[in-house]
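Participant: Take a look at the following structure, please.
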Amino acid sequence: MRQFTKLFIIIIAMVSASSYTDAQDFKISGTLLDSETKEALIGATIIEKGTTNGTVTDLEGNYQLMVSGSEAVLVFTYLGYSSKEVRVNNQSVINATLDIDFSELEEVVVMGYGSVRKSDLTGAVASVKGEDLLKVPNASPVQALQGKVSGLQVLSPSGDPGATPVVRLRGVTTLNNNNPLFVVDGVIIEKGVSDNSGSGTPLDFLNANDIESVEVLKDASATAIFGSRGSNGVIIITTKRGAQGAPRINFNAELGWQVVANKIDLMNGKEFGQYVNDIDLTEPGPYNVDQLSSTDWQDEIYNDYAPIQSYSFSFGGASEKVDYYFGLGYFGQEGILPKSGLERITTKINTNYEIAKNLDIGLSLSVALKEKQNSPGVVNTALRAWPIDAPYTTDPATGEKIFAEVQGGGNALAAIEYTNNVNKSIESVGNVFAQYAFLDGFSVKSSLQFSLGMSKNKSFTPEYFVAPLQQNETSDISQSYNDNSFVLWENTISYVKEIGVHRFNTVAGYTTQRVKSEFLSGSAQNLLRDGESFWYIDASDGDPLLQDVSNNASHSAIQSYLFRFNYSLMNKYLFTATYRRDGSSKFGPNNRYGVFPSLALGWNLSEEAFFPDVSFLGNVKLRASWGIVGNDKISYDAQFPQIDQSFGAVFGQNEQYVAGAAYATGGNPNLKWEETEQFDIGLNFDMFNGRLVSEMDYYVKTTNDILVNLEPIGYTGLGAFQQIVYNVASVENKGFEFSLNWQDDIGNFNYKLGFLGSTVKNTVLELGQDIGVDSLIVAGDLGNGQQVSRTAVGQPIGFFYGYDAIGVFQTQQQVDATPHLFGQTVGDLIYRDANEDGILDGDDRIMLGNSIPGLVYGFNTEVGYKGFRVGLDFQGQTGVDIYNGKQAVRFSLLNYEARFLDHWTPSNPSNENFRAVSGGTNYTPSNYFIEDGSYLRLRTVTLSYSFQQAVLNSVGAQSLKVYVRGTNLFTKTQFSGYSPDLGASSALDGVIDKGVYPITKVYSVGLNLTF
């Protein structure tokens, strides 16, 4: 892993050494002002035309520049202003003014296949600046979107470095893949680039410092242009490009230290011994609790102050014919669990070149090298381990310290020591294009987009013995290779023109894509030696019975036609129509193509003559949209019956094994597209001269013909527990979203306030009733045979299901008089006889909770005075339940959470916690194990200082900022686990805490330097 770091340092040194500016011999100075207000233009660019020689203005608008001679031409540029050229003509002082360019001030929003003025926007689109993604130290920029966009929920199923976040936009739309579509510089990203399962982090090949902006497309008007891939929403990432003016060099560094954000409160040795004594077991126990030792297994396995670091270097610029941007980044994170670290090097190249009049060619390319250590799943091992057992003992034969046997699940430290699992990958995402402008307002563009990923995994476990239940009798090795490719060819023609009061923005196109992936794995046992140089399959003893190999592949294709028409009349009346037709190889010829239209209207009320002329009210716009988008996120072979080739039999006198095959499962040739129909009505307004800006939306989103695996009715003859994909379900999500942002400047003091929130109500409308298949989906497996989640008509997806615990039996008379499960006695939980039939059985199980939050919110504040600035970001959720699976699973005597200390005894007649037991009916799925997952978290707090121009001039820099930051410093919640912001990769399971890798607090320092 150190090779990555060395390579990164060498490349930075080489690139830095190659950057220089020729010496000049004619000095110019002056001041640049606004032509109307005469205020200084701070940070404006002055460049000698035809060269890369330039500078920027200071806080007073002053500048100094050495140029090549008296005939040089200075080009003055500033964002939002018209540029100006001035010939030197032997002048040593050149003062200039710039005029506001109102067309440049019009904010542009990036959409699919183009961009539109924000004032012309009819869809629900939220924008996030790239600088806001830098507030959270993380491998994936997706994590930084948490709490930044109303309607967007980003959850952390694990704190493992590089873990895949769960992203949900406007609720849970379908019963299968709910991930939104990601588009990076026009390249469609539907899964992790080097991941074959479809669950990889979509953006972990990107360095957040290379990102210019993020647009989140939420309603059908905005997403319909993506057709079959837009049903779960679309997140568009635009990376940085070179800008006109002097080349800019940027260096960013951040170094942080991680600690466990919250430890789980477990019993110590004495408490565990007393609890076991209360169980009244003959083995182990009874204990003399005063003589018991105590091991804190969480302290044993977690590292304190594990480092996390990020460095990035970039330079970019532009001339009249070419623009360029190059970025290089390094990210390293040691996990708080040993052997779970991540290292990544990223590169980013963006360039555009005008090779002839009106003809441009360009390239956008991202490349990432990653190495990830995969630690064993020892979190639950540590939570279950007996605290009275020590991790080490002494070998009586040698006197050496060795790993000790630990009851309750094994020795977690031994599991870490003997695990060696590493994943290495290379990922490349790119877009090569050519664009030609012709006539007046027309342009054609052809682009070849690709994402290529290769990864390999190697896992070695030596021969070892810790205990009879924790050993590996022979060493073993396994290796696997993934090879994924996505290629998309797009051809579009667009027309953008303003004719009097009419403004047109139209695009039409044809696209075709192919996706391929292949997986190869092999394994062997009994290696010749344990050294890393022998971690290969050929280094085994060659016994074919101890070797295994597997190989599979998948492929799919989509062909599409698209059209979008945007029209604005007098800047008042807005109209958008979108049409897309997709054909997917995942469906048979009879249902291969789907059509996805949308319509949207907008009305800029503030442009009307009758709009009240009041000083406090600015722009007001009403929006309404309707549309249909699709989903084909199923396996390519779901349409076909499948054969299982793993069967075989022994035949003949020589008892020879003969390979065989048998029917595995049925297919459905009549599969068709999922379709998500969405209606949205929205309001945008600003007040008090733009200091207050707000956006509100109400939406109803209904997904029909959902593709879902269900057990067919018996007479089909497919066998027990067989499942087939059907178009049989319907789900509705509806909710309200809002955002409010205020900013103001008062002299040298400035501040910002922001608040956003979103509600969602999720309901299953249909689930297989019309065709007679099973209309109930059971999920949420705890790992012990119990399943705690259901999906049924009239309820939300993945709701929790079980008995309603209403108290604890206090007397035998109460037990006898109350319906109860077999074996229950005094001190056990009382389960409610829900149907009141006098019998407690499975029919009394009811809906217990819902893991889809009712409200997701975030708020932030930022205050600045001169060079100092402090910012705080909060986010949270309410109305959400989590099933405490790690507490509910009892397959033997394990350690307990501190909650069980206050258990029922004859002298402590608790009506909340049941008697001391190691298993039994009290661990039947019930609301006893359901906890409130609501929380409020201080996501980040940052204190920064930007140095004044006088200091910068002394070092030749344009800007320098230093800062200290805290991440995840405070979480207010009643949840007893490591973190309440858990996510489930499958919505059918609900959110179950089975003992996850903890989320961390991070304390960090950093700097941003620009030349």
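Participant: Considering only the stretch 955-993, state which residues are among the polar types (S, T, N, Q) and either surrounded by fewer than 24 Cβ atoms within 10 Å (Cβ to Cβ) or in a loop (DSSP other than H, G, I, E, B) (or both).
Facilitator: Residues satisfying the conditions are Gln958, Ser959, Asn968, Thr971, Thr973, Gln974, Ser976, Ser979, Ser985, Ser986.
Participant: Continuing with this model, one more query. How many residues does the stretch 638-660 contain that are open to solvent by 80 Å² or more (accessible area, probe 1.4 Å) and in contact (Cβ under 8 Å) with a residue 24 or more places away in the chain?
Facilitator: Qualifying residue count, the stretch 638-660: 2.
Participant: Still on this structure: If the requirement is being open to solvent by less than 10 Å² (accessible area, probe 1.4 Å), in contact (Cβ under 8 Å) with a residue 24 or more places away in the chain and not aliphatic (A, V, I, L, M), which of these qualifies: Gly147, Gly130?
Facilitator: Answer to the selection: Gly130.
Participant: On to the next question. So for the stretch 285-303 (the condition being of a type in the set (S, T, N, Q) and open to solvent by less than 10 Å² (accessible area, probe 1.4 Å)), does at least one residue qualify?
Facilitator: Yes, that holds for at least one residue.
Participant: Given the criteria among the charged types (D, E, K, R) and at pLDDT below 80, does Glu48 qualify?
Facilitator: In short, no.
Participant: For Val996, work out the one condition from (1) open to solvent by less than 20 Å² (accessible area, probe 1.4 Å); (2) among the hydrophobic types (A, V, I, L, M, F, W, C); (3) part of a loop (DSSP other than H, G, I, E, B) it doesn't fulfil.
Facilitator: Against the list (1) open to solvent by less than 20 Å² (accessible area, probe 1.4 Å); (2) among the hydrophobic types (A, V, I, L, M, F, W, C); (3) part of a loop (DSSP other than H, G, I, E, B), Val996 comes up short only on (1).
Participant: With respect to Arg564, is the statement that it is in contact with a Phe, Trp or Tyr (Cβ under 6 Å, 6 or more places away or on another chain), buried (at least 18 other Cβ atoms within 10 Å of the Cβ) and among the charged types (D, E, K, R) true?
Facilitator: So Arg564 fails the test.
Participant: Within the stretch 856-869, can one find any residue that is of a type in the set (Val, Ile, Thr) and outside the structural domain of Ser294 (by the TED database)?
Facilitator: no
Participant: If you don't mind, there's one more thing I want to ask. On the basis of being touching a Lys or Arg at 6+ places or on another chain (Cβ under 8 Å), open to solvent by 10 Å² or more (accessible area, probe 1.4 Å), polar (S, T, N, Q) and not in a strand (DSSP E or B), does Asn352 make the cut?
Facilitator: Judged against the criteria, Asn352 is not a match.
Participant: In addition: Please go through (1) out of contact with any strand residue (DSSP E or B) (no Cβ under 9 Å at 6 or more places or on another chain); (2) crowded, with 17+ Cβ neighbours inside 10 Å for Pro612 and return the number of the only condition it doesn't satisfy.
Facilitator: Condition not satisfied by Pro612: (2).
Participant: Do we have any residue at all in the stretch 326-339 that's within 26 Å of Thr55 (Cβ to Cβ), buried (at least 21 other Cβ atoms within 10 Å of the Cβ), touching a residue at least 60 places away in the same chain (Cβ under 8 Å) and not hydrophobic (A, V, I, L, M, F, W, C)?
Facilitator: Yes, the conditions are met somewhere in the stretch 326-339.
Participant: Where the second residue is open to solvent by 30 Å² or more (accessible area, probe 1.4 Å) and part of a loop (DSSP other than H, G, I, E, B) and the first is over 18 Å from Ala404 (Cα atoms) and polar (S, T, N, Q) and lies in the stretch 367-383, which pairs have Cβ atoms under 6 Å and are six or more apart or on separate chains?
Facilitator: Here the result reads Gln373/Lys339; Ser375/Lys339, each pair linking the stretch 367-383 to a residue that is open to solvent by 30 Å² or more (accessible area, probe 1.4 Å) and part of a loop (DSSP other than H, G, I, E, B).
Participant: A further question on this structure: Based on this model, can you work out whether Lys586 counts as in a strand (DSSP E or B), modelled with pLDDT of 80 or more and not acidic (Asp, Glu)?
Facilitator: No; evaluated as a whole, the condition is false for this residue.
Participant: I've got another one for you. Mind telling me which of the residues Ser480, Ser517 ends up being in contact (Cβ under 8 Å) with a residue 12 or more places away in the chain, over 17 Å from Phe450 (Cα atoms) and out of contact with any Leu (no Cβ under 6 Å at 6 or more places or on another chain)?
Facilitator: Ser480
Participant: Let me ask you something else. Would you confirm whether any residue within the stretch 706-718 is closer than 30 Å to Tyr945 by Cα, in contact with a Leu (Cβ under 9 Å, 6 or more places away or on another chain) and not in a strand (DSSP E or B)?
Facilitator: For the stretch 706-718, residues closer than 30 Å to Tyr945 by Cα, in contact with a Leu (Cβ under 9 Å, 6 or more places away or on another chain) and not in a strand (DSSP E or B): absent.
Participant: Report whether or not Gly410 is in contact with a strand residue (DSSP E or B) (Cβ under 9 Å, 6 or more places away or on another chain) and assigned to a strand (DSSP E or B).
Facilitator: Spelling it out, it is not the case that Gly410 is in contact with a strand residue (DSSP E or B) (Cβ under 9 Å, 6 or more places away or on another chain) and assigned to a strand (DSSP E or B).
Participant: Any idea which of (1) open to solvent by 20 Å² or more (accessible area, probe 1.4 Å); (2) in a strand (DSSP E or B); (3) not aromatic (Phe, Trp, Tyr) is the one Ser598 doesn't satisfy?
Facilitator: All conditions pass for Ser598, except number (1).
Participant: On to the next question. Can you find, within the stretch 247-270, the residue that is nearest to Tyr1003 (Cα to Cα) among those that are assigned to a loop (DSSP other than H, G, I, E, B) and open to solvent by less than 20 Å² (accessible area, probe 1.4 Å)?
Facilitator: It comes out as Ile264.
The values are calculated or read from the model by the stated rules, or taken from the named source; none is laboratory data. The shown structure was predicted, so the numbers you read here are calculated from the model rather than taken from an experiment. Ideal geometry is used to build each Cβ from the backbone, glycine not excepted, and the neighbour counts take in all protein chains shown. The accessibility values were calculated without ligands, DNA or RNA, using every heavy atom of the protein model including side chains. Shrake-Rupley method; radii C 1.70, N 1.55, O 1.52, S 1.80 Å.
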